[in-house]
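All remarks here apply to the structure that follows.
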Amino acid sequence: MSPIRVIAGKAKGRKLKMVPGDSTRPITDRVKESLFNIIRLDLPGCSFLDLFAGTGSVGIEALSQGAKYVRFLDRNRRAIEIIYENLKNVELIEGAEVLQMDAFALIGRRADKAFDYVYVAPPQYKGMWKQTIQDLDKQPGWLVSDGWVIAQIDPKEYESLELANLSEFDQRKYGNTLLVFYERVIPDN
């Protein structure tokens, strides 16, 4: 696999370290560029939660392109070390919070902050993306009123989910990567 890099913004072109082994699956430049073309206009000043962050590539891209705050979460100690190294190397440590903890432990509790974007890219073929979306649906306070959840999965994993507080509104397929977009549903009063 070719090295991963920051594709735009303050740290454009800077290379990122990868987590050794096969515990993470970094997003390809093509998928990352497409994703950020979709959300770019809303990035300045936004808050971003990068669950199952791995190398931190997606959250670092968000910071590079103007996000004000990114919380990176991964339970793998080596991934956390790589995220810190990558943030320092691209000089984007300000506005970043890096936590070593299980994503389900965080999102299963009441939100301590509402995010504009929650990015979900868990290990594949374990149903973890589905559980994450369902847990976020039960705790919608993790999203601002017009916030989005974006899941990165293999197209073979996809299934439609019955949700109360989130609604799927788009999908984008790039080879063996599918991005599924959910928005928060605000009840009419």
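The values are calculated or read from the model by the stated rules, or taken from the named source; none is laboratory data. The shown structure was predicted, so the numbers you read here are calculated from the model rather than taken from an experiment. No Cβ is skipped: glycine too gets one built from the backbone with ideal geometry, and neighbour counts run over all protein chains shown.
Yes/no matrix, rows are residues, columns are (1) out of contact with any strand residue (DSSP E or B) (no Cβ under 7 Å at 6 or more places or on another chain); (2) touching a residue at least 24 places away in the same chain (Cβ under 8 Å); (3) part of a strand (DSSP E or B); (4) surrounded by 15 or more Cβ atoms within 10 Å (Cβ to Cβ):
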{"residue": "Glu97", "(1), (2), (3), (4)": "no, yes, yes, no"}
{"residue": "Arg110", "(1), (2), (3), (4)": "yes, yes, no, no"}
{"residue": "Tyr117", "(1), (2), (3), (4)": "no, yes, yes, yes"}
{"residue": "Tyr125", "(1), (2), (3), (4)": "yes, yes, no, no"}
{"residue": "Gln131", "(1), (2), (3), (4)": "yes, yes, no, yes"}
{"residue": "Leu136", "(1), (2), (3), (4)": "no, yes, no, yes"}
{"residue": "Gly147", "(1), (2), (3), (4)": "no, yes, yes, yes"}
{"residue": "Ile150", "(1), (2), (3), (4)": "no, yes, yes, yes"}
Residue that is modelled with the lowest pLDDT [pool: residues in the range 1-30 that are over 23 Å from Arg75 (Cβ atoms) and not in a loop (DSSP other than H, G, I, E, B)]:
Asp29
Among the charged types (D, E, K, R) and surrounded by fewer than 17 Cβ atoms within 10 Å (Cβ to Cβ): is that true of Lys12 in this structure?
yes
The listed residue being part of a strand (DSSP E or B) and either free of Cβ contacts under 8 Å to residues at least 12 places away in the same chain or not acidic (Asp, Glu) (or both), out of Phe36, Phe48
Phe48
Unique match (being in contact with a strand residue (DSSP E or B) (Cβ under 7 Å, 6 or more places away or on another chain), crowded, with 22+ Cβ neighbours inside 10 Å and hydroxyl-bearing (Ser, Thr, Tyr)) among Ser34, Ser47, Ser57
Ser57
Selection over the range 124-138 where residues are more than 18 Å from Val58 (Cβ to Cβ) and either at pLDDT 95 or above or in contact with a Phe, Trp or Tyr (Cβ under 8 Å, 6 or more places away or on another chain) (or both) yields a count of 6
From the set of residues in the range 152-171 that are surrounded by 15 or more Cβ atoms within 10 Å (Cβ to Cβ) and not in a loop (DSSP other than H, G, I, E, B), which is nearest to the chain's Cα centre (by Cα)?
Gln152
Of Ala79, Ala96, Ala114, which residue is in contact with a helix residue (DSSP H, G or I) (Cβ under 9 Å, 6 or more places away or on another chain), hydrophobic (A, V, I, L, M, F, W, C) and farther than 20 Å from Lys12 by Cβ?
Ala114
Could you check Ala121 against (1) surrounded by 14 or more Cβ atoms within 10 Å (Cβ to Cβ); (2) modelled with pLDDT of 95 or more and say which number it fails?
(2)
Asp188 is checked against (1) among the charged types (D, E, K, R); (2) surrounded by fewer than 19 Cβ atoms within 10 Å (Cβ to Cβ); (3) modelled with pLDDT of 95 or more; (4) not in a strand (DSSP E or B) and fails just one. What number does that condition carry?
(3)
